[in-house]
Amino acid sequence: MSVAHGCGGNDAVLSVEAALELLLAHARPVQGTERLPLGAVLGRMLAEPISAPVDLPPWDNSAMDGYAVRGADVADHPDHSLAVSQRIPAGSRAQPLEPGTAARIFTGAPVPAGADTVVVQEACEALDDGARVRLPADVTSGHNIRYQGEQVRAGAEVLPAGTRLDPQHLAVAASVGRADALVRRRLKVAIFASGDELVEPGHPLGDGQIYNSNRTLFHALLGTLGCEVLDLGIVADTPEATRAALARGAEQADLVLASGGVSVGEEDHVRPAVEALGRLDLWRVAMRPGRPLAFGQVAGTPFIGSPGNPVSLFVTFCLFARPFIQRMQGMEPIRLPRGIRTLAGFDLPKPVKRREYRRSRLVTGAGDIPTVEAYASNSSADLTSLTWADGLAIVPEHRTFNAGEPLTFLPFSELLS
C-alpha cells in the first residue's frame, strides 16, 4: 500500500489504504479470556479453536421421510412392491434391513444396515394399510442419505480462534457437543466529545449550543462490536480538561476514542494533548469527510480521534476504528467491507481532490439495473443524510463522473456487520 504525499512524520497526508495499514500494524489483541456458556458468547471473539470430537453426522441417516431399501431389490420385483419390515422414527435404533423388504423411515433416523438408498414418500404408494409399499421403477442407489462424517470428521477444526461468534457459529459449536466457549475479554473503550457548544439531550439549549449526538453515535457503534464503554462525557475546550480526559481514558481503558478538537484551530486541543502525553502517528488522511483523523497513543494506550461533525465520525469509525477494534478483539483475518460494483446515478463534472465517500443509496435504474443516487448535500454535519442513505459511494481522487459510469458502493450492512 502506498502513502500519499510521503510518510515522514505525523504531518504527512496518508491515503486511505496507507492510513488503515498503519492503524492495523499498531493494533494488538487484548489479553485475558473467560470461558462462558454458549448462550452468553454471542458477538464475542473466540480465543481458542473448537474441534469436533465426533463425526458429523455420527451415523448414516435419512435426509427425507420415505422408505429405506436396497435398490437392487426393487428391480427384482415385477410390480416394484416390497413388504415393510420395520418402522424407524428419528431417535430410534434401526435393525438390519431384511433382504427383499423396505423400512419406513423418517428424517434424521438411522439408515438400517443393508439399505443403500431412501425413496421419498411422495414417490411411493402405501399398500395393504402400510404393510407393503410400491416404489418407482427407477430407484437409484445413494439418494437421500446423509453419510457418517460427510460434514465433519472427528478431530477436525470447525471454528478457528479469532472467529466472531454469530448465531450460526454457536449452532456449529453446539452440533459437536460444546456447551461453552473460551472467548477474549470484552474490549474497554473510553469515549469523550470535545466542545463547549455541546449539550446532552434532555437539557435546554443555550446560545450557540447544539445537542451532543456523537455520544449516542459512539455508544451505538461500539455496541455493534460488543465493547464495554467508559463514557467520559463532554470535555471542555481547554488544554487541561483535554489532557485530563485523555489520561483517565488511557489509564482505565484499552482504547480511547474522541470526537472533535483534532484540527488546528485555537480551540482544538486534542492533537497537542496527545503529543504531550504520548505520540501522534497520524493526523491527516486524503479523504472526505474525515480528513483530520488522529491516531497515536497516550501513555501506551491507543488513541483515535475523529472530527466533531457526526457524519465524519460515522465514516471514519466504520473505515478505521472498526477494523482496528476488531483486531484488538482478536479477530483474524480482519473482514474489511466489500464494495458492490454498480453505476453512478449522478454527474460529477469537477474532479475531487480527495477520495470522497458520498452518502448514497441504491435505486433501480433503466432496465432494472441498480444505480447509485447521491444525497443532495455534502455537509458532514447533516446526520439525516445517514438515515436517507443505505451506503457510501466511493468517488476516487482526481476523478469526474458521468451518470452511467461504474463506481464502487459500500453498503451500510458491510460497514456495520
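What follows is calculated from the coordinates using simple rules that are stated; it is not laboratory data. Since this is a predicted model, take the numbers as computed values, not measurements. Neighbour counts are summed over all protein chains in view; Cβ atoms, including those assigned to glycine, are modelled from backbone coordinates with ideal geometry.
Worth a mention:
- Among Ile105, Ile369, Ile304, a tally of other beta-carbon atoms within 10 Å of each Cβ gives an order, fewest to most, of Ile369, Ile304, Ile105.
- Pairwise label distance in nanometres, Glu251 with Ala131, each label 7 Å out on the Cα-Cβ vector: 8.8 nm
- FRET efficiency, 1/(1 + (r/R0)^6) with R0 41 Å, evaluated for Gln168 and Leu343 via beta carbons: 0.80
- Sequence of Thr342, Thr384 once ranked by neighbouring C-beta atoms within 10 Å, starting from the fewest: Thr384, Thr342
- Annotation for Ala156 and Glu98: the two label points, set 7 Å from Cα along the Cα-Cβ direction, are 3.8 nm apart.
- Note on Ala244 and Ala25: the model spin-label points, each 7 Å out from Cα along the C-beta direction, lie 3.7 nm apart.
- Value at 222 nm in deg cm²/dmol, rounded to 500, when DSSP H runs of n ≥ 4 in the chain each add -39,500 (n - 2.57): -5500 deg cm²/dmol
- Simple point charges give the picture: +1 on the Cβ of Lys and Arg, -1 on the Cβ of Asp and Glu, and for the chain a dipole about the Cα centre of about 820 debye.
- With at most 14 other Cβ atoms within 10 Å, longest stretch of the chain clear of loop GluC sites (Glu not before Pro) (DSSP): 268-417
- Label point at His143 placed 7 Å out along Cα→Cβ; residues across region 51-74 whose backbone nitrogen lies under 18 Å: 61-74
- Cα-Cα pairs of the chain separated by more than 31 Å (percent): 56 percent
- Computed from the Cβ-Cβ distance with R0 of 45 Å, the FRET efficiency linking Ala403 to Ser51 stands at 0.25.
- Inter-part distance, region 91-109 to region 206-261, computed on C-alpha centroids, equals 65 Å.
- In terms of other Cβ atoms within 10 Å, Asp166, Asp65 run from fewest to most in the order Asp166, Asp65.
- Relative packing of 202-209, 141-148, which averages over residues the other C-beta atoms within 10 Å, highest first: 141-148, 202-209
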